[in-house]
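Have a look at the structure below, then the notes.
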Amino acid sequence: MKQTESYLTGDMKYYNAAKKNLQLLKNAQSSIGFVGSTINLTATSSQHLWLATDTHIDAGIDSYYEYLLKCWKLFADNDCLQWWNDALYSITTYLSYYQSQNLWFIIANMNTGKIVRNVCFNNNITIYIIYVYVYIIHIYVYVYI
């Protein structure tokens, strides 16, 4: 049995509320597929949702991508799978590059994909951890759900 509030209570309002918020973020993405790093909680439209338009895969934004993947795995939600694949395409197209056989990621403007700060980080360990984490999710879903 799926261990989520919607499945435990039989009330899909929890899933629907979470999905509605994911949809709001998806609708507020830039034309190249990115979300910003800081949300304006008082915004009344997706046009003014972002207080900061930096984008990256580090703390803060990484949870958004994680939830897209979990949404697909836990609920077999094909929208979330498509959004995950779209995000992965944008990340690999605009934020990543190889140098000296190492994979690097930049911090960029969510609208242009151009480097915001000349700060880059090597995320080989993070990528490895993500792959391990995804593998653990697959096992959990297979065994317990």
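The values are calculated or read from the model by the stated rules, or taken from the named source; none is laboratory data. All of these numbers come straight from a predicted model, not from anything done at the bench. Here the Cβ is made from the backbone with ideal geometry for all residues, glycine too, and neighbour counts use every protein chain on show.
Among LEU51, LEU88, which is the only one that is surrounded by fewer than 15 Cβ atoms within 10 Å (Cβ to Cβ) and under 11 Å from the mean Cα position of the chain (by Cα)? Quick ask: steps written out before the conclusion?
Details: LEU51 fails: under 11 Å from the mean Cα position of the chain (by Cα).
When all the criteria are applied, what remains is LEU88.
Of the residues in segment 111-131, how many are at pLDDT below 60 and either in a helix (DSSP H, G or I) or exposed (fewer than 14 other Cβ atoms within 10 Å of the Cβ) (or both)? Outline the logic, then answer.
Looking only at segment 111-131, we keep the residues that are at pLDDT below 60, and these are 118-129, 131.
Narrowing further to those that are either in a helix (DSSP H, G or I) or exposed (fewer than 14 other Cβ atoms within 10 Å of the Cβ) (or both): 118-119, 121-122, 124-129, 131.
Qualifying residue count for the region: 11.
Would you pick out the residues in segment 12-32 that are buried (at least 16 other Cβ atoms within 10 Å of the Cβ) and not β-branched (Val, Ile, Thr)?
Within segment 12-32, the first condition is being buried (at least 16 other Cβ atoms within 10 Å of the Cβ), and the residues that meet it are 15, 18-19, 22, 25-26, 28-30, 32.
Hits for segment 12-32 are TYR15, ALA18, LYS19, LEU22, LEU25, LYS26, ALA28, GLN29, SER30.
Kindly establish whether ALA108 is surrounded by 13 or more Cβ atoms within 10 Å (Cβ to Cβ), in contact with a helix residue (DSSP H, G or I) (Cβ under 9 Å, 6 or more places away or on another chain) and modelled with pLDDT of 90 or more. I'd like the intermediate steps shown before the answer.
Working: surrounded by 13 or more Cβ atoms within 10 Å (Cβ to Cβ): yes; in contact with a helix residue (DSSP H, G or I) (Cβ under 9 Å, 6 or more places away or on another chain): yes; modelled with pLDDT of 90 or more: yes.
When the stated conditions are applied, ALA108 passes them.
If I filter segment 5-23 for residues that are in contact with a Ser or Thr (Cβ under 6 Å, 6 or more places away or on another chain), under 21 Å from ARG117 (Cβ atoms) and among the aliphatic types (A, V, I, L, M), do I get at least one hit? Before you say what the answer is, go through the steps one by one.
Kept after step one, since they are in contact with a Ser or Thr (Cβ under 6 Å, 6 or more places away or on another chain), are these residues of segment 5-23: 12, 14-15.
Filter once more, keeping what is under 21 Å from ARG117 (Cβ atoms): none.
Scanning segment 5-23 turns up no residue that is in contact with a Ser or Thr (Cβ under 6 Å, 6 or more places away or on another chain), under 21 Å from ARG117 (Cβ atoms) and among the aliphatic types (A, V, I, L, M).
Would you check if TYR98 is outside any loop (DSSP other than H, G, I, E, B), out of contact with any helix residue (DSSP H, G or I) (no Cβ under 6 Å at 6 or more places or on another chain) and under 16 Å from GLY33 (Cα atoms)? Can you show your working first?
On the way: outside any loop (DSSP other than H, G, I, E, B): yes; out of contact with any helix residue (DSSP H, G or I) (no Cβ under 6 Å at 6 or more places or on another chain): yes; under 16 Å from GLY33 (Cα atoms): no.
In short, no.
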